[in-house]
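K.L.:
Next up is a structure, given as structure tokens.
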Amino acid sequence: MNVEVILKSKGADVETISSDMTLAQAVSILNTRKIGAVVVVDAGRVRGMLSERDIIKAIGAAGAEALDHPVAQVMTSNVITCKRTDTVDQLMDAMTGGRFRHIPVIENDVLVGIVSIGDVVKQRIADTEMEAEQLRLYIATG
């Protein structure tokens, strides 16, 4: 299975913010949308990712004053991305190796979706259940 299958199932909506927003504004969006990360986009291009972990690190270092800092100071700017054709196994390897939970999907330099570790696990479970059912049918029909 690949990223395209996940996006067809979950949809391609992606919450984005600009790098000049304050951390407090970004926290409000994360809270309102009930999401754990947001893609930072300026002039139509992905510039970074802001996750709950980034926010905690900033507050831990600067205290509550960090909430007044621009997202650009806090975001992860070295963003790992994927394509629709990437496999679930490739995503799992990237997420595990990089210790992150969200990957933006980019095609022709355009943001077309985002995949979370939850999406990957859900797809992996569905694939495993389908394989098990096929094996049961094969055994039952001989």
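The values are calculated or read from the model by the stated rules, or taken from the named source; none is laboratory data. From a predicted model like this one, the values you see are computed outputs, not experimental measurements. All Cβ positions, glycine included, derive from the backbone under ideal geometry; neighbour counts span all protein chains shown.
K.L.:
Please work out which residue is nearest to VAL41 (Cα to Cα), limiting yourself to segment 54-78 and to residues that are among the aliphatic types (A, V, I, L, M) and loosely packed, with under 15 Cβ neighbours inside 10 Å.
P.N.:
The qualifying residue nearest to VAL41 (Cα to Cα) is ILE56.
K.L.:
Could you give every pair whose Cβ atoms fall below 8 Å, whose first residue belongs to segment 38-65 and is touching a residue at least 40 places away in the same chain (Cβ under 8 Å) and closer than 16 Å to MET21 by Cα, and whose second residue is in a strand (DSSP E or B) and basic (Lys, Arg), counting only separations of at least 6 or pairs across chains?
P.N.:
Correct list of pairs: VAL41/ARG47.
K.L.:
Same structure, new question: Of these, VAL115, VAL105, which one is in contact with a Gly (Cβ under 6 Å, 6 or more places away or on another chain) and within 13 Å of GLU4 (Cα to Cα)?
P.N.:
On the way: VAL115 fails: in contact with a Gly (Cβ under 6 Å, 6 or more places away or on another chain).
Step by step, each of VAL115, VAL105 is checked, and only VAL105 is in contact with a Gly (Cβ under 6 Å, 6 or more places away or on another chain) and within 13 Å of GLU4 (Cα to Cα).
K.L.:
Among the residues of segment 79-112 satisfying the criterion of being within 26 Å of ASP20 (Cβ to Cβ) and aliphatic (A, V, I, L, M), which is surrounded by the most Cβ atoms within 10 Å (Cβ to Cβ)?
P.N.:
The qualifying residue surrounded by the most Cβ atoms within 10 Å (Cβ to Cβ) is ILE103.
K.L.:
On to the next question. Being under 20 Å from HIS69 (Cα atoms), crowded, with 17+ Cβ neighbours inside 10 Å and in contact with a Ser or Thr (Cβ under 7 Å, 6 or more places away or on another chain) is the filter here, so list the residues in segment 1-45 that pass it.
P.N.:
Once the filter is applied, which keeps residues that are under 20 Å from HIS69 (Cα atoms), crowded, with 17+ Cβ neighbours inside 10 Å and in contact with a Ser or Thr (Cβ under 7 Å, 6 or more places away or on another chain), segment 1-45 yields ALA37, VAL38, VAL39, VAL40, VAL41.
K.L.:
What do you reckon, is SER51 out of contact with any Pro (no Cβ under 8 Å at 6 or more places or on another chain), surrounded by 14 or more Cβ atoms within 10 Å (Cβ to Cβ) and among the hydroxyl-bearing types (Ser, Thr, Tyr)? Spell out how you get there, then give the answer.
P.N.:
Numbers: out of contact with any Pro (no Cβ under 8 Å at 6 or more places or on another chain): yes; surrounded by 14 or more Cβ atoms within 10 Å (Cβ to Cβ): yes; among the hydroxyl-bearing types (Ser, Thr, Tyr): yes.
When the stated conditions are applied, SER51 passes them.
K.L.:
Would you check which residues across segment 61-91 are hydrophobic (A, V, I, L, M, F, W, C) and more than 30 Å from THR128 (Cα to Cα) and list them?
P.N.:
In the first step, residues of segment 61-91 are kept if they are hydrophobic (A, V, I, L, M, F, W, C); the result is 61-62, 64, 66-67, 71-72, 74-75, 79-80, 82, 88, 91.
Listed by number, the residues that qualify are ALA61, ALA62, ALA64, ALA66, LEU67, VAL71, ALA72, VAL74, MET75.
K.L.:
Same structure, new question: Only one of (1) of a type outside the set (Ser, Thr, Tyr); (2) assigned to a helix (DSSP H, G or I); (3) modelled with pLDDT of 95 or more is not met by GLU4, so which one is it?
P.N.:
Every condition holds for GLU4 apart from (3).
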